[in-house]
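Scroll down for the structure; my scribbles are underneath it.
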Amino acid sequence: MLVRLSTRLNPVISAMLRSRLHWLLSSGLMLITVTGRKTGRRYTIPVGYHQVDDALVVMVGEAPTKAWWRNYRGGAPIEAQLRGKILRGWGELLLPGSEEFQRRADASFRRSRIIPWLFGVDYDRRTGLTAAQAQELGRHAAIVRITMEE
């Protein structure tokens, strides 16, 4: 249900992020342009992100039902429209079970109380994301780290 609703809202969200009113959504949403590895087809989608010093982190909920993030296995160029600016960078899929996957997920969960709920994780800020929770998260979520060019 949530996936269908978000898919239906994507054109509205995309238009808003491209407009002068992007600031209403830009604190947590951006547009990324993905190029398919097999087809070469380019498509632009809105995604939630978490910005840290060295990267933008995109957590993909219900990942098995989505395909775009698979293009970043091993890394690939990516284009983003962030806060009204077009940027280029490098996207890389973080492997579930890796220390970075757990660390980036934990940082995203600390950002907002709703994010763990969206991903179905009973998250406790005092203890952080446990290894068991990270392992379970890796079964239905993906994380793409984006490093932007200067």
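Bear in mind that the values in this text are calculations on the coordinates, not laboratory data. If you're wondering where the values come from, they're calculated on a predicted model, not measured in any experiment. Don't worry about glycine lacking a Cβ; one is built from the backbone with ideal geometry, like all the others, and counts go over all protein chains shown.
Using DSSP to call loops (not H, G, I, E or B), can you name the trypsin sites (Lys or Arg not before Pro) in the range 84-140 whose Cβ has at most 15 other Cβ atoms within 10 angstrom?
Arg113, Arg125, Arg126
Across the options Gln135, Met148, Thr44, the greatest Cα extent toward the positive end of the charge dipole of the chain (unit charges at beta carbon of Lys, Arg, Asp, Glu) belongs to Thr44. Gaussian network model of the chain, Cα springs within a sub-10 Å range: biggest mean-square fluctuation belongs to which of Leu118, Leu17, Leu29? Of the options given, Leu118 has the highest mean-square fluctuation. Over the range 1-102, what number does the Rg to Rh ratio reach, with both radii from the alpha-carbon atoms and Rh per Kirkwood? Rg/Rh for the range 1-102 comes to 0.95.
Rounded to the nearest 500, the 222 nm mean residue ellipticity of the chain from helices alone is -9000 deg cm²/dmol, with -39,500 (n - 2.57) taken per DSSP H run of at least 4 residues.
A cut-off under 14 angstrom between Cβ atoms defines the neighbours of Arg110, and their net charge, with Lys, Arg +1 and Asp, Glu -1, is +4.
Under the convention that each Lys and Arg Cβ holds +1 and each Asp and Glu Cβ holds -1, the size of the dipole of the range 2-148 around its Cα centre is about 620 debye.
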